[in-house]
1. Suppose every K and R has +1 on its Cβ and every D and E has -1 on its Cβ; what is the size of the dipole of the chain about the Cα centre, in Debye to the nearest 20?
2. Taking each pair of different alpha-carbon atoms in region 389-437 once, compute 1/r for the pair, average those values, and report the inverse of that mean as the Kirkwood hydrodynamic radius in Å to one decimal.
3. Based on alpha-carbon atoms only, what is the radius of gyration of the chain relative to the globular estimate 2.2 N^0.38 Å?
4. Using only Cα atoms and rounding to the nearest 10 degrees, what angle (0 to 90) does helix 222-235 make with the longest principal axis of the chain?
5. Counting each pair of different Cα atoms once, what's the Kirkwood radius of region 264-330 in Å, rounded to one decimal?
6. What list of ³J(HN,Hα) values in whole Hz, one per residue of region 294-304 in order, does the Karplus curve 6.51 cos²θ - 1.76 cosθ + 1.60 (θ = phi - 60°) give from phi, with Gly and Pro shown as x?
7. What ranking do Ser108, Ser395 get, fewest neighbouring Cβ atoms within 10 angstrom at the top?
8. State the three equivalent ellipsoid semi-axes of region 205-258, derived from the C-alpha gyration tensor as the square roots of 5 times its eigenvalues, in descending order and whole Å.
Amino acid sequence: MSDPIEHAAQLAAARDALSIRGLKHAAVFACELYASLPESARENLPLTPEDRAPSDGLLFLAKSYFDLQEYARASHVLAQKESLSDVEFFVMHYARYLAGERRKEQLSLEMKANSGSAQKPTTNPNLKDLMRDLSDADAVGKLDAFGLYLYGVVLKESRVHLTPSGTSPQQIFWRSIARFPWNWSAWLEVSNMKAPILDKSVVCPWMADFFQAHVLLIQSQVPQAIDILERLKSTFPSSGYVVSQLARANYELRDFDGANDLFQQLTAADPYRMELMDLYSDVLYVREDKTALSELAHHVQAVDKYCPETNCVIGNYYALKGQHERAIAYFTRAISLDNECLAAWTLIGHEYIQMKNTNAAIEVYRRALELAQNDYRAWYGLGQAYELLDLYHYSIYYYQKAAAIRPYDARMWVALGGSFEKLGQMNQAKVCYLRAVGNKDAEGIAVFRLAKLYEVSEKDMDKAAEYYRMHWRDRTLRGVTRVDTTDAVQAVLFLGKFCMQRGELPEAMQWCNKLLERDGPEKEEAKAMLHAMRQMEFSTPETRHTGRNYF
């Protein structure tokens, strides 16, 4: 990467350009990156704010209205001018766009209040006029990088796939990025489109790295994303964004301890941060850390009670306590605050699965997929719902979708193998379980199921023994040495019989002795086998193998 001083100069200029145009999220991103650079890179930087409007100050008046969220008023002020600067042109049209977005929300609420239920989504009433004005300006070359960004947003919201000149919205965004690569909002728009591909003409390599890491995480290519994020961390050593994405990456890899450490580091440095706090609560939920999750819920509620992330955190707290209806109430509140809160939709689905309300779960998972087709959790949830309904052909379809997105996640393959097994398609089930074992099935489910499948065939007894031994070895590595589950009983009993049948009496006795700790029929069976083996020890080699089948 290039000189940090150059990065500081670029980000300082970007901060001013984005702020004056009201692009708040992109401005925050630039400001945070600027603040994360070493202090030596930020010292003595000349202040070079972009040229503002002419001396009549109409831009500042319009921007004041804009900051008060009086968008229609801000647009009207600038519409009185005959000649607009690039900044004024953008602020006028962006304010008109936001005024339309506000009206769209109002119409949606009015329709819902009148009908009592959600209706077909309304549209921004200003899109048509905006598209005409921006298209005309682009045709004569009057759109700068920010005008192109807004043009791309309007085209996307209007669901226009090609402009009159044959250009796609994604190409419009790339044109914007080529001229001003520090607008993170433009990069995010590209990342949300189908098959985002990095334009090689981008002139800012480190912004391209942020984009690549973001897209790789979306596409579940987590190790590659971590490599890029670690490289970015060396340039932006105190960037909260980079730490948050590394925490997210650890979560995706199911390294919950690592994710927890990074989130603790993040919240210690920025205790009022709300972004990704819902994911932090997911980490605490999986770790079953009720104390930490309760503390996080109280903290975020104190910071911002009416934030979607806050309600997701509180919902997870009640979910961990098994209070599913209260959890759903908070997740629903998160959606009322942000109808596109993907985490809340999928979490509601999970709660309905816990309550065995499969029809409701299917409905919300489908809604989640409308928001993000690459959400493996929603595909996996649909698979679970149809599996509960014993509709295994459907569950296989949805599990396959989840596995295609998360091919390295053993859970996807275990679930898929289970549905194949229910349909009696044992060869396909074996393939899936082998994929799960190859992807470090932490829970050991695939190994045990493979052993059971191989046990059915007499010619595969050696393979069954191999996987039962692997199952027991995995248990001991986790510190579990007692025969405390039905799976463990089945594995130990099989291995005892297998070794006895092979004449491997010392090992067979070891397996049988483990069963003496239990009460039940398996204990009596182990005693009978031990008695038989002691008799065999005193027999001659010629009479030792009696031909008796203990299976």
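Every read-out reported here was derived from the displayed coordinates using simple, explicitly stated rules and does not represent laboratory data. All values derive from a computational prediction rather than experimental measurement. All Cβ positions, even for glycine, are placed from backbone atoms using ideal geometry, and neighbour counts span all protein chains on display.
1. Dipole magnitude for the chain comes out near 1300 debye.
2. 10.3 Å
3. In units of the globular-protein estimate, the chain measures up at 1.25.
4. Value to nearest ten degrees: 50.
5. On the way: mean 1/r = 0.0864 Å⁻¹.
Computed over region 264-330, the radius equals 11.6 Å.
6. Each residue of region 294-304 in turn: 5, 4, 5, 4, 5, 5, 5, 5, 6, 6, 7 Hz.
7. Ser108, Ser395
8. On the way: eigenvalues 58, 36, 12 Å².
Ellipsoid half-lengths, sorted descending, are 17, 13, 8 Å.
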